[in-house]
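Every read-out reported here was derived from the displayed coordinates using simple, explicitly stated rules and does not represent laboratory data. Just so it is clear, the structure is predicted and the values come from calculations on it, not from any experiment. Cβ atoms come from the backbone with ideal geometry, glycine included; neighbour counts cover every protein chain shown.
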Amino acid sequence: MEARNRRHKRLRYKLVGTPERPRLSVYRSSKYIYGQIIDDTAGHTLAYISSAVLKEGTKKIKSKECGKLIAQLALSKGIKKVVFDRGGYQFHGRISEFAVGAREGGLEF
């Protein structure tokens, strides 16, 4: 946990969400996956999704569906390009599936 926090801090120095290109932040718990689209300059969350709302499938399938759902929310608000913030996690497994779902949904990063 401490190592992930250090990695996340190091990443956050480089990743900044702007109004033109907000940050897509991913958080993974042992049970669910969460995604937020954030405008860091204003400090506002523009869209939010959680896998807790999904009922069917494995964690990986739910992660991919969450990526697609956050992409739909973003596109409905006029957001096409984002900066992907993996939250200090390895780009593997559920984080990777979330990113694939978001790309399939129409987001560019």
Task: Filtered residues of segment 83-98 (kept if touching a residue at least 60 places away in the same chain (Cβ under 8 Å) and touching a helix residue (DSSP H, G or I) at 6+ places or on another chain (Cβ under 8 Å)) - done: Phe84, Asp85, Arg86, Gly87, Gly88, Tyr89, Arg94, Ile95, Phe98
Task: Matching residues, segment 31-54, being farther than 14 Å from Val82 by Cα and touching a Lys or Arg at 6+ places or on another chain (Cβ under 9 Å) - done: Lys31, Tyr32, Ile33, Tyr34, Ser51, Ala52, Leu54
Task: Sole residue being of a type in the set (Phe, Trp, Tyr), in contact (Cβ under 8 Å) with a residue 60 or more places away in the chain and either within 19 Å of His92 (Cα to Cα) or out of contact with any Pro (no Cβ under 7 Å at 6 or more places or on another chain) (or both), chosen from Tyr13, Tyr32, Tyr27 - done: Tyr27
Open item on the list: Anything in segment 3-24 that is hydrophobic (A, V, I, L, M, F, W, C), surrounded by 11 or more Cβ atoms within 10 Å (Cβ to Cβ) and not in a loop (DSSP other than H, G, I, E, B)? List them, or say none.
Closed with: Leu11, Leu24
